[in-house]
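First the structure, in the form of structure tokens, and then the observations on it.
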Amino acid sequence: MSLVSLFFVVVREILVILCRKSTIANMSIHRSEQELVRIQALEQLRNMGIEPFPAAEFKATHKAKDLLKDFKDEQEVVLAGRLMSVRVMGKASFAELLDSSGRMQIYINRDEICPGEDKELYNTVFKKLLDFGDFIGVEGTTFTTKTGEPSILVKKLSVLGKSIRPLPVVKTDDQGKVYDKFSDPELRYRMRYVDLIVNEHVKSTFIARSKVMQSMRNFFNEQEYLEVETPILQPIPGGASARPFITHHNALDVPLYLRIANELYLKRLLVGGFEGVYEFAKDFRNEGMDRTHNPEFTVMEIYVAYKDYNWMMDFTEEMIERVCMELHGQTKVKVGEKEINFQRPFKRITMIDSIKEFTGFDISGMNEEQLREVCKSLNIEVEPSMGKGKLIDEIFGEKCEGNYIQPTFITDYPKEMSPLCKEHRTNPELTERFELMVNGKELANAYSELNDPLDQRARFEEQLKLNERGDDEAMFIDQDFIRALEYGMPPASGMGIGIDRLVMLLTNNDSIQEVLFFPQMRPEKFGEKKVELNENEQLIVNTLKKEGTMMLNELKDACGLSNKQWDKGIKALGKLGLTQVEKTEDALLVHYKGE
RNA sequence: GAUCCUGUAGCUCAGCUGGUAGAGCAUAUCACUUUUAAUGAUAGGGUCCUGGGUUCGAGCCCCAGCGGGAUCACCA
């Protein structure tokens, strides 16, 4: 070992000890041994004139994936990424470089990166001061090792960014078996940045999510529909029935709601003369969270003038089939144990026929009383607040919905539960509405949009009555929206599709948390850990302070604490260096060491 | 909101009937110029989620709380 590196080792040991002591003294942040070592390495890099967080641009010429795809030896390349899985073998080392596209093996040879007499860059910087997880840049030539692994022979090594927290070390053997997997859901969701680094498939889920949205966008733009943005802060939360989040605008001194839907605003744009508008919208609903619900979620809504819900079914099929083809190159998708085929055309069935099929009851033309009887005989629990529409929805939800694994359009919903939807052209009890069911769950929802302002006002008033009956999710009346309809809205069809659920299906994830970068969680507590003595510790200190030194038994008795409280207190004080217990021949003495 | 499971080293997890907190990886030191879960040797590393209780003694038993997960309920 050279004198220089010996010097560094000694300095580091001293600094680590000092650092740990001062940490205990001010107790501000608890750092593990590994973190302290890394912070010292960072300081040493600076002392050697190497900036651990350089500002300058680093020009990489390649990405790992592109290089591996068409790998040739003897190429001059520059790569940047994270240093992963370092394997040092004396004067030569292998490691992996992880960039946004994937991993590439690098080969670092002492005499290649340190051609002169000075071997510091290899012996000290690379071997001692660089850690798993640091950002580095490498310049060198490609070659294939004798075990056949495509690699880069590194000629130049640059430090691009130090990491002071160690990543979880996840290892995979040649059979693909994963060791020490980073799998705790809490840690994965709270620290998604770590999850994305060490769990490769997580990144691919989010890339798929982006591709799905891009395919849809292309599909709409090709037909010259316009992507728009509408308010998220709304004075009246309309367009759906759900409990909203409420906030307050100071300057106007009015309450505002985070939108639960954007439907009413997109329709205003049809009134304004656009013939096709769409929005990828974050909506917010103040309701329970579970595997398929997050308080904020993404919906794509599209409205096209002069179309009806039949046209929209064709359009929806085509869109989903295309999205699936562009993502997977085929229409079949594995979802859990099932295989779902998004090939057109999807099955279509009316809600009444579906209920007939799965329950044997023909509910067409039934009144509320008769529907209650049906629910009773099917053992479905109902509440007095439920109207006709809600009762039918209960029956469908309980007995039918879950059966539709393959994509199926359920059509012609009862009028009462669809206040924004046009009455059915042949049956005034029904509406021109469909929902797309996949894997037993609703994926999309569409109407021939109601554009009769007088009918719309009447439907809203119906909702108000339901509200008075105790349905706290019935809709409010948006007077401005009705005024817009009164100026005339072209006949149109609109459709909304849950992006999170679509992505779950297409990426075979059964939890919405897996397709959201940052799913909602209870806020983490970052407790400031100060040396505030608790009551018991304070009592011991105060008692001991007067005497300076006491017999252990006397001190304990004087404090009057239970065994456990005493034990905890005296241990904690010892750790903080405030007391010291000395064993003499015939007794235990406690010395006070504080100021 | 209900029930069940869970919380131990940086990570993944053991921990017996209640009796001195363990392993692998990671870290540190040494060796090693084609390795790939690199290898060999040595060493250090802990608020056993928190607070009470029982006990001579609690990671383990009891009570209360906190975090997370699963199932159910709620939910267009």
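Residues satisfying the criterion are present in region A:322-334 (criterion: assigned to a strand (DSSP E or B) and surrounded by 18 or more Cβ atoms within 10 Å (Cβ to Cβ)). Listed by position, the strands (runs of 3 or more DSSP E) contained in region A:202-311 that have at least 1 residues being within 15 Å of RNA strand B (Cβ to nearest atom) and modelled with pLDDT under 95 are A:276-284, A:296-305.
Residues checked against (1) within 15 Å of the chain's Cα centre (by Cα); (2) buried (at least 19 other Cβ atoms within 10 Å of the Cβ):
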{"site": "A:196", "(1), (2)": "yes, no"}
{"site": "A:211", "(1), (2)": "no, no"}
{"site": "A:217", "(1), (2)": "no, no"}
{"site": "A:223", "(1), (2)": "no, no"}
{"site": "A:226", "(1), (2)": "no, no"}
{"site": "A:231", "(1), (2)": "no, no"}
{"site": "A:236", "(1), (2)": "no, no"}
{"site": "A:251", "(1), (2)": "no, no"}
{"site": "A:256", "(1), (2)": "no, yes"}
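Considering each of A:155, A:177, A:171, A:146 in turn, give the residue that is of a type outside the set (Ser, Thr, Tyr), open to solvent by 20 Å² or more (accessible area, probe 1.4 Å) and touching a helix residue (DSSP H, G or I) at 6+ places or on another chain (Cβ under 9 Å). Criteria check complete, one pass: A:155. Determine, yes or no, whether residue A:399 is touching a Phe, Trp or Tyr at 6+ places or on another chain (Cβ under 8 Å), open to solvent by 50 Å² or more (accessible area, probe 1.4 Å), of a type outside the set (Asp, Glu) and modelled with pLDDT under 90. Criteria met by residue A:399. Within this structure, residue A:200 fails the test of being surrounded by fewer than 12 Cβ atoms within 10 Å (Cβ to Cβ) and not hydroxyl-bearing (Ser, Thr, Tyr). Of all residue pairs spaced 6 or more apart or on separate chains, those with beta-carbon atoms under 6 Å, a first member in region A:89-112 that is among the hydroxyl-bearing types (Ser, Thr, Tyr) and a second member that is more than 6 Å from RNA strand B (Cβ to nearest atom) are A:93/A:108; A:101/A:63; A:101/A:64; A:101/A:65; A:107/A:153.
Of all residues in region A:52-86, those that are in contact (Cβ under 8 Å) with a residue 40 or more places away in the chain, open to solvent by 80 Å² or more (accessible area, probe 1.4 Å) and over 22 Å from residue A:167 (Cβ atoms) total 3. Considering (1) open to solvent by 70 Å² or more (accessible area, probe 1.4 Å); (2) of a type in the set (Asp, Glu); (3) away from RNA strand B (no atom under 12 Å from the Cβ); (4) in contact with a strand residue (DSSP E or B) (Cβ under 8 Å, 6 or more places away or on another chain), the lone condition that residue A:117 does not fulfil carries the number (4). From the list A:177, A:171, the one residue that fits, being without any contact (Cβ under 8 Å) to a residue 12 or more places away in the chain, near RNA strand B (Cβ under 9 Å from one of its atoms) and under 32 Å from the mean Cα position of the chain (by Cα), is A:177. Pairs are defined by a Cβ separation below 8 Å, a sequence spacing of at least 6 or placement on different chains, a first member in region A:347-369 that is touching a residue at least 12 places away in the same chain (Cβ under 8 Å) and under 15 Å from residue A:389 (Cα atoms), and a second member that is aromatic (Phe, Trp, Tyr) and in a helix (DSSP H, G or I); the pairs so defined are A:351/A:396; A:355/A:396.
The numbered conditions (1) part of a loop (DSSP other than H, G, I, E, B); (2) surrounded by fewer than 20 Cβ atoms within 10 Å (Cβ to Cβ); (3) at pLDDT 90 or above are all true for residue A:510 except (3).
For region A:82-92, the condition of being modelled with pLDDT of 95 or more, touching a Ser or Thr at 6+ places or on another chain (Cβ under 8 Å) and not basic (Lys, Arg) holds for none of the residues.
Residues checked against (1) within 15 Å of RNA strand B (Cβ to nearest atom); (2) part of a loop (DSSP other than H, G, I, E, B); (3) within 34 Å of the chain's Cα centre (by Cα):
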position: A:391; (1), (2), (3): yes, no, no
position: A:394; (1), (2), (3): yes, no, yes
position: A:402; (1), (2), (3): yes, no, yes
position: A:405; (1), (2), (3): no, yes, yes
position: A:416; (1), (2), (3): yes, no, no
position: A:425; (1), (2), (3): no, yes, no
position: A:436; (1), (2), (3): yes, no, yes
position: A:443; (1), (2), (3): yes, no, yes
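The values are calculated or read from the model by the stated rules, or taken from the named source; none is laboratory data. This one's a predicted model, so the numbers in the text were calculated from it and none came from an experiment. Positions of Cβ are backbone-derived with ideal geometry, glycine not excepted, and every protein chain shown enters the neighbour counts. Areas reflect the complete protein model, heavy atoms only, side chains present, ligands, DNA and RNA absent. Shrake-Rupley method; radii C 1.70, N 1.55, O 1.52, S 1.80 Å.
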